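Comments concern the structure below.
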Ligand SMILES: C[S@@+](CC[C@H](N)C(=O)[O-])C[C@H]1O[C@@H](n2cnc3c(N)ncnc32)[C@H](O)[C@@H]1O
């Protein structure tokens, strides 16, 4: 047996208890193999409902290696899964797509439904982004939101496909607002809402983060470098009981720069001001280079300086399908009780 297949078997063995728990919770989306942490840098294997998604980020998988991995995964599940292999090791992958082993069936590439915490999610194995519309390492944070939203007003910032908003609605929030500037991502969020018709309606705001959060926080929307700003939706100032802030590592728009390494504060400060007195702000930093302790200190300092000191802080690590030998998870999540 190849070393790679041995590593996969060890990863599947290590997950037996977790997978049983997840299936009981109504979750069939999770990571089965986590790259260098489990012995193969740049290789991930995820299950998204009926889909089995293999992705290589450093070098393409050889045909036989892929076949062996797929067979080992299939043996671990009673129901057959639909394999999709995405080689992302280069802009234009070198793998020979005329070989049926490297192709994916129409059924596997179709829009499917995955499940997490008993909710339905649209999953799509191949699209412009790198994940099939649901970031799996955020599962524990979504579960936390579901357990702590009852009766609250919830603001989901950088909402992407609105998984956090969906969990808030399922957890009994009295109002849920999802904010993202990408209409396409919010459209998937609306699809997710319609896949869970029993949930109350959510609000969707298509806007750049900076003008939106500043208006909600009651701050002026300032011109940048004296330049006229593009148009943006007008919003009334509003505070929320629970605010969720999970930005991308880096993004630039006409309104400002999202930069989790150099300037978390300019994202955090208005989000703190849009959180009600006695409310909770959950914030994330997915940049591997940022150390948890340093970032936590920065966050707590920013909260004090903004006049919103933190009464209590909790750290929420990802679940065991994202193992980390040194406990330094790229995705760091803090729960700030104000
Ligand atoms: C990494 S995803 C966030 C993941 C998300 N929080 C979740 O629950 O899965 C990044 C999102 O930020 C959005 N985004 C990036 N820059 C933005 C900006 N300046 N204003 C609003 N949304 C932005 C993107 O459209 C994308 O949906």
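How many residues, within the stretch 56-89, are within 23 Å of the chain's Cα centre (by Cα), touching a residue at least 40 places away in the same chain (Cβ under 8 Å) and either within 20 Å of residue 137 (Cα to Cα) or not in a loop (DSSP other than H, G, I, E, B) (or both)?
3
I'd like to know if the stretch 189-201 contains one or more residues that are within 13 Å of the ligand (Cβ to nearest atom), under 24 Å from residue 27 (Cβ atoms) and either in the same structural domain as residue 274 (by TED's automatic domain parsing) or in contact with a helix residue (DSSP H, G or I) (Cβ under 6 Å, 6 or more places away or on another chain) (or both). Break it down into steps so the answer makes sense when it comes.
Of the residues in the stretch 189-201, the ones within 13 Å of the ligand (Cβ to nearest atom) are 189, 192.
Adding the requirement that they be under 24 Å from residue 27 (Cβ atoms) leaves 189, 192.
Add one more test, that the residue is either in the same structural domain as residue 274 (by TED's automatic domain parsing) or in contact with a helix residue (DSSP H, G or I) (Cβ under 6 Å, 6 or more places away or on another chain) (or both), and what stays is 189, 192.
Yes, the stretch 189-201 contains at least one residue that is within 13 Å of the ligand (Cβ to nearest atom), under 24 Å from residue 27 (Cβ atoms) and either in the same structural domain as residue 274 (by TED's automatic domain parsing) or in contact with a helix residue (DSSP H, G or I) (Cβ under 6 Å, 6 or more places away or on another chain) (or both).
If the Cβ limit is 6 Å and pairs must be 6+ apart or interchain, which residue in the stretch 243-265 that is at positive phi pairs with which residue that is near the ligand (Cβ under 10 Å from one of its atoms) and part of a helix (DSSP H, G or I)?
Going by the 6 Å Cβ cut-off, the qualifying pairs are 256/210.
Exactly one of these conditions fails for residue 128: (1) modelled with pLDDT of 95 or more; (2) closer than 30 Å to residue 231 by Cβ. Give me its number.
So the condition that residue 128 fails would be (1).
Please verify whether residue 19 is touching a helix residue (DSSP H, G or I) at 6+ places or on another chain (Cβ under 9 Å), farther than 19 Å from residue 137 by Cα and either modelled with pLDDT of 95 or more or not in a strand (DSSP E or B) (or both), treating the condition exactly as stated. Even if it seems obvious, please write down each step before you answer.
Details: touching a helix residue (DSSP H, G or I) at 6+ places or on another chain (Cβ under 9 Å): yes; farther than 19 Å from residue 137 by Cα: no; either modelled with pLDDT of 95 or more or not in a strand (DSSP E or B) (or both): yes.
Judged against the criteria, residue 19 is not a match.
Against the conditions (1) more than 17 Å from the chain's Cα centre (by Cα); (2) away from the ligand (no atom under 12 Å from the Cβ), where does residue 232 fall short? Just the number, please.
Unmet for residue 232, out of (1) more than 17 Å from the chain's Cα centre (by Cα); (2) away from the ligand (no atom under 12 Å from the Cβ): (2).
Counting just the residues of the stretch 118-134 that are surrounded by 22 or more Cβ atoms within 10 Å (Cβ to Cβ) and assigned to a loop (DSSP other than H, G, I, E, B), which one comes out farthest from the ligand (Cβ to nearest atom)?
Applying the filter and picking the extreme gives 125.
Taking the conditions exactly as written (modelled with pLDDT under 95, part of a loop (DSSP other than H, G, I, E, B), touching a helix residue (DSSP H, G or I) at 6+ places or on another chain (Cβ under 9 Å) and farther than 30 Å from residue 125 by Cβ), does residue 237 satisfy them or not?
On the way: modelled with pLDDT under 95: no; part of a loop (DSSP other than H, G, I, E, B): yes; touching a helix residue (DSSP H, G or I) at 6+ places or on another chain (Cβ under 9 Å): yes; farther than 30 Å from residue 125 by Cβ: yes.
No: the conditions fail for residue 237.
Just name the residue that is surrounded by the most Cβ atoms within 10 Å (Cβ to Cβ) out of those in the stretch 152-173 that are away from the ligand (no atom under 14 Å from the Cβ) and touching a residue at least 40 places away in the same chain (Cβ under 8 Å).
Looking at residues that are away from the ligand (no atom under 14 Å from the Cβ) and touching a residue at least 40 places away in the same chain (Cβ under 8 Å), I get 173.
Any residue at all in the stretch 291-301 that is without any contact (Cβ under 8 Å) to a residue 60 or more places away in the chain, in contact with a helix residue (DSSP H, G or I) (Cβ under 6 Å, 6 or more places away or on another chain) and either buried (at least 18 other Cβ atoms within 10 Å of the Cβ) or within 22 Å of residue 236 (Cβ to Cβ) (or both)?
No.
The values are calculated or read from the model by the stated rules, or taken from the named source; none is laboratory data. Model, not experiment: these values are computed from the prediction. Cβ: placed from backbone, ideal geometry, glycine included. Neighbour counts: every protein chain shown.
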